[in-house]
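Everything on this sheet refers to the single structure shown next.
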Amino acid sequence: MTVAVATRSLRTATAADLDTMVDLGLRFNASGIYPRLAMTEQGLRNTIGWVLEHGRVWVALKDEQIVAGFGMTVLPHMLTGQLYAAEVFWWSNPEARGHGLKLFYAAEAWAKAEGVTMMQLVAPTPEAEQLYQRLGYAKVEAVYSKEFVC
């Protein structure tokens with residue numbers, strides 16, 4: 001009897017992964033974590049493409065299929081001028097939870113190698129805030145938004 005074992009790995013994404021990453025983003029959006037953001041396929045395509053070109057995207061694989069992704073860019077801070085790393089997205093398929101920290105640690109190591117002085121993460125839920133605090137991150141500010149009907 002042969003027993004199937006799930007293989008897990010991590011790698012840097014390429015432009016060939018764009019369609020899969022867009023699908024992952026749409027699926028993440030459907031989870032309802034960002035109810036006020038009307039993500040679109042084209043918007044995701046543009047954003048992920050930009051990060052692939054100007055930053056770095058890591059993907060987690062399970063049995064050779066992308067199940068999670070983390071996108072980050074490095075830029076000068078608008079107030080200090082110091083380089084900082086900014087998370088643009090961090091998504092996982094619901095059934096593939098557990099890959100996220102591997103992506104996070106890869107992003108953090110890359111940011112340090114790029115010479116950044118700070119890394120910023122988005123916390124859309126209290127659970128994310130608690131995770132970041134356990135990882136040594138401190139809350140700096142909160143973001144509020146309001147939609148305008150035009």
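Quick grid of which residues meet (1) of a type in the set (A, V, I, L, M, F, W, C); (2) closer than 18 Å to A60 by Cβ:
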{"position": "L101", "(1), (2)": "yes, yes"}
{"position": "E114", "(1), (2)": "no, no"}
{"position": "K139", "(1), (2)": "no, no"}
{"position": "V149", "(1), (2)": "yes, no"}
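For segment 66-87, a residue qualifies if it is touching a residue at least 12 places away in the same chain (Cβ under 8 Å) and of a type outside the set (V, I, T), and the qualifying residues are A68, G69, F70, G71, M72, H77, Q82, L83, Y84, A85, A86, E87.
For F70, the criteria (1) in contact with a Leu (Cβ under 9 Å, 6 or more places away or on another chain); (2) surrounded by fewer than 18 Cβ atoms within 10 Å (Cβ to Cβ) hold in every case but one, which is (2). Once segment 1-26 is narrowed to residues that are in a loop (DSSP other than H, G, I, E, B) and more than 24 Å from L101 (Cβ to Cβ), the residue that is modelled with the highest pLDDT is M1.
Would you say W58 is within 25 Å of T125 (Cα to Cα), among the aromatic types (F, W, Y) and at pLDDT 95 or above? Yes.
When segment 74-97 is filtered for residues that are of a type outside the set (A, V, I, L, M), within 22 Å of G43 (Cβ to Cβ) and either in a helix (DSSP H, G or I) or modelled with pLDDT of 90 or more (or both), the ones remaining, listed by number, are E87, F89, W90, P94.
The values are calculated or read from the model by the stated rules, or taken from the named source; none is laboratory data. All values derive from a computational prediction rather than experimental measurement. Reconstructed Cβ throughout: ideal geometry from the backbone, glycine too, with neighbour counts over all protein chains shown.
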